[in-house]
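Chemist: Below you will find the structure I want to go over with you.
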Amino acid sequence: MSNTTATIPPAASMPKPGVGLMRIGILLALWLWMFLPSLRIFAETAYSSREWSYALATPLLTLLLLYRRRAILLDSISHESWWGLALLLLGLAGYAMMTWPFSFGYPRDLCIIVTLAGAILAAGGRKLLKHSLPILLLLALSIPISARIFSRLIITPDTMTLRLTQFMLDQLPGVNVILEGPDLRFTTSARTGIIAMGEPHRGASLLQAYLAIGVFIVFVRIRPAWQVLVMCIVALPITLLANWLRILTWGLMTLYTELDLASSIPRITATVGSLTAAYAMFAMILVILGGLLMESEREDIDEAPEAADD
Amino acid sequence: MTESLSPSADGGIRGRALLSPVFLIAAGVFVVAGFGLEPVLQRLEARYRKEPIAIRRPLAQLDAARLPSFIPTHRPPKFSGVLRDVGTDEILLKNFEFRQGQGPGRDVILFVTYYADPNDKVPHTPEVCYRQSDTIIEQFTTTTLEVPALASQHPQIQAHMLIMRQPKSTAAIVYLFAVSGEFKYDREQVRWVLGRPGLKRGYFSKIEAISPFAVGEDPSQAIERSRRMLQEALPVLVEDHYPLVTSLAQP
């Protein structure tokens, strides 16, 4: 007969994933309750705007990311952090200040994400916050930017994309395309008209949608840090390329089909095509990078998922 | 004999771990902010809301004789789309001719709007506003204006400069904002100044100088005309029209 005493470890020294999950769940629920009016406005904007409609898919993409990364997220839960409280207070202070005395809508909305980051850090620790960053980034990309800020941001890509599209389409045989202001005016033997007639921001649109696709496809799997870094570098070029393919496709469909100039088919085709192209470009580069993984890195990823993301 | 943990002991540890100081404070912050933040901010806004202040002299009475390089003309502005839903009745839209020795004059449009209520929306800026019609931006940058008459209080005044192209015309636009006695070139800077606590009253004004030029022509002279217009118009606006800075703080 042997006496074996089970020692009760001091509560403060050992993180308890179940307790950590409860903390996170409660704080997340409080966060949702507090910012529900703002989140509702985001959803209404996404529902009513073509530019932001992709944000309606954000809850599903977020759940998918949570599910795919569940092992590493659960494994990351550790002690609470006072820094999380500081971050939460910072986010709330920013939210308050951007409401009064200053009135800056988009920075105020971004502070909502900062408070969420603070809650995660407070409840689950630094490692959990680190592995939650892709989800926070996806949420941030779903926040609509005000029309004025958006118009200012896209001045250069808008102009350059239209010029490049005009140049490319003008090379086609039997086609004459000129750029008058923001209008791509075309003349063919069959007809004349304007490509993407009446479309606002025709030269730069859905940029955040392309970036959101990139974030999702990169972080749906655990990848080495160097792969993430490479994808950060190529994200903007891929976004701009997908944007250009959108208007180019629109132009080609307008030139070579008998569709009415006001038809929505070219727009829908161009939108779906460019989103697919963005997905394909991100995926292709990831496949190439995956082929460059050293055997030791591959083993590391298979055996210890948390190590690959450091 | 193996001694197992009693459920109450384990539940007690879990309970104590859940109700840690960090968690309690974080949850408390959310609850307090959720109930109290909006009402407090609304009260603060009502309590410290800035008051409007009228312009001292209407913009329409601008003394054109104090712009030595320009002669007012009665020709309509060549650049279309200038007047939009500007949100104020205090507007100056005037066509001038740039005096250039013996050569033919070149048009410069001075477009000034004044907003007496600091709580009004800061209007669209040209690079956003004109792009809603048939206009494309070819160049967008900042430029520094030297205004000797205002140098003591404003040694350097920065403005935005842009080249805009419409189907049949191009123009160089230099614009900036006057806000509660300061000059800012960015709309967000204006909103920052308007929101800053301190002054009892506030105003803002957008001043644009638009110089049309022919398609294919070098824009540098058009840019210089717009810059010269602002350099001469700003002192007149400050000295004759905009409220005095001292009157913004008076009870």
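Chemist: What number comes out for the charge environment of A:R246, summing +1 per Lys or Arg and -1 per Asp or Glu over other residues with Cβ under 15 Å away?
Modeler: After counting each charged neighbour, the total is 0.
Chemist: Give me the dipole magnitude in Debye, nearest 20, for the protein assembly as shown about the Cα centre, with unit charges on the beta carbon: positive for Lys and Arg, negative for Asp and Glu.
Modeler: Rounded to the nearest 20 debye, it is 1020 debye.
Chemist: What average number of partner chain Cβ atoms lie no more than 10 Å from the Cβ of the residues making up B:28-35?
Modeler: The shielding value for this peptide is 6.
Chemist: Follow-up. Share of antiparallel DSSP beta bridges in the protein assembly as shown, in percent to the nearest 5?
Modeler: Antiparallel: roughly 95 percent of the beta bridges in the protein assembly as shown.
Chemist: Enter the buried accessible area of the A/B pair, total of both sides, probe 1.4 Å, in Å² rounded to the nearest 100.
Modeler: For chain A against chain B, roughly 4700 Å² becomes buried.
Chemist: Please list log₁₀ I(q)/I(0) at q = 0.06, 0.11 Å⁻¹ for the protein assembly as shown, using the Debye equation with identical point scatterers on the alpha-carbon positions.
Modeler: Each listed q corresponds, in turn, to -0.43, -1.14.
Chemist: May I ask you to derive the relative contact order of the stretch A:29-169, considering only C-alpha pairs under 8 Å and at least 6 residues apart, and to give it as an integer percent?
Modeler: Once normalised by length, the contact order is 27 percent.
Chemist: Can you give me the % of accessible surface on the stretch A:196-255 that is carbon or sulfur? Probe 1.4 Å, all protein chains present, nothing else counted.
Modeler: That share works out to 79 percent.
Chemist: Once every Cα of chain B carries one equal point scatterer and solvent is ignored, give the base-10 log of I(q)/I(0) from the Debye formula at q = 0.08, 0.11, 0.12, 0.17 Å⁻¹, two decimals.
Modeler: -0.43, -0.65, -0.74, -1.27
Chemist: Could you sort out which of B:K121/B:K206; B:K168/B:K206; B:K121/B:K184 sit more than 21 Å apart by Cα distance in this structure?
Modeler: B:K168/B:K206
Chemist: Further question on the same structure: Using alpha-carbon pairs under 8 Å, 6+ residues apart, how would you state the relative contact order of chain B in percent?
Modeler: 21 percent
Chemist: List, in order, the whole-Hz ³J(HN,Hα) value for each residue of the stretch A:243-258 obtained from phi through the Karplus relation with A = 6.51, B = -1.76, C = 1.60 and θ = phi - 60°; use x for Gly and Pro.
Modeler: Along the stretch A:243-258, the couplings run 4, 5, 4, 4, 6, 5, 4, 4, x, 4, 5, 5, 6, 10, 10, 8 Hz.
Chemist: Here's something else I'd like to know. About the Cα centre of the stretch B:116-155, what is the dipole size in debye to 20, counting +1 per Lys and Arg Cβ and -1 per Asp and Glu Cβ, all else neutral?
Modeler: Dipole about the Cα centre, nearest 20: 60 debye.
Chemist: Kyte-Doolittle mean at least 0.0 and Cα extent at least 18 Å along the axis: which DSSP H helices of chain B qualify?
Modeler: Counting only whole DSSP H runs, the qualifying helices are B:21-47.
Chemist: Still on this model: How well do other chains shield peptide A:95-101, expressed as the mean number of their Cβ atoms within 10 Å of each residue Cβ?
Modeler: 6
Chemist: Longest span of chain A, sites excluded, free of trypsin sites (Lys or Arg not before Pro) in DSSP loop with at most 16 other C-beta atoms within 10 Å?
Modeler: With trypsin sites (Lys or Arg not before Pro) excluded where exposed in loops, chain A gives A:51-190 as its longest stretch.
Chemist: In 10 Å bins starting at zero, report the fraction of Cα pairs in the stretch B:140-229 per bin as a rounded %.
Modeler: 17, 41, 28, 12, 2
Chemist: Whole number in Å², please: accessible area per residue of the stretch A:64-221, 1.4 Å probe, ligands, DNA and RNA not counted.
Modeler: Spelled out: the 1.4 Å probe surface of the stretch A:64-221, per residue, equals 41 Å².
Chemist: Further, regarding this structure: Where the eigenvalues come from the Cα gyration tensor of the stretch A:83-174, what are the semi-axes √(5λ) of the equivalent ellipsoid, largest first, in whole Å?
Modeler: Equivalent ellipsoid semi-axes, largest first: 39, 19, 7 Å.
Chemist: Okay, next question. Could you check the simple spin-label distance between B:Q221 and B:Q100, using points 7 Å along Cα→Cβ, in nm with one decimal?
Modeler: 0.3 nm
Chemist: How many nm is it between the label spots at A:D260 and A:R163, if each spot is 7 Å from the Cα in line with the beta carbon?
Modeler: Placing both labels 7 Å along Cα→Cβ, they lie 3.6 nm apart.
Chemist: Quick one: net charge around A:L153, please, counting Lys, Arg +1 and Asp, Glu -1 for every other residue with C-beta under 14 Å from its C-beta.
Modeler: Result for the neighbourhood of A:L153: -1.
The values are calculated or read from the model by the stated rules, or taken from the named source; none is laboratory data. Just so you know, these numbers come straight off a predicted model, no measurement behind them. Cβ sites come from the backbone with ideal geometry, for glycine too, and all protein chains shown count toward neighbours. For the accessible areas, the whole protein counts, side chains as well, though only heavy atoms, and no ligand, DNA or RNA atoms are used. Shrake-Rupley method; radii C 1.70, N 1.55, O 1.52, S 1.80 Å.
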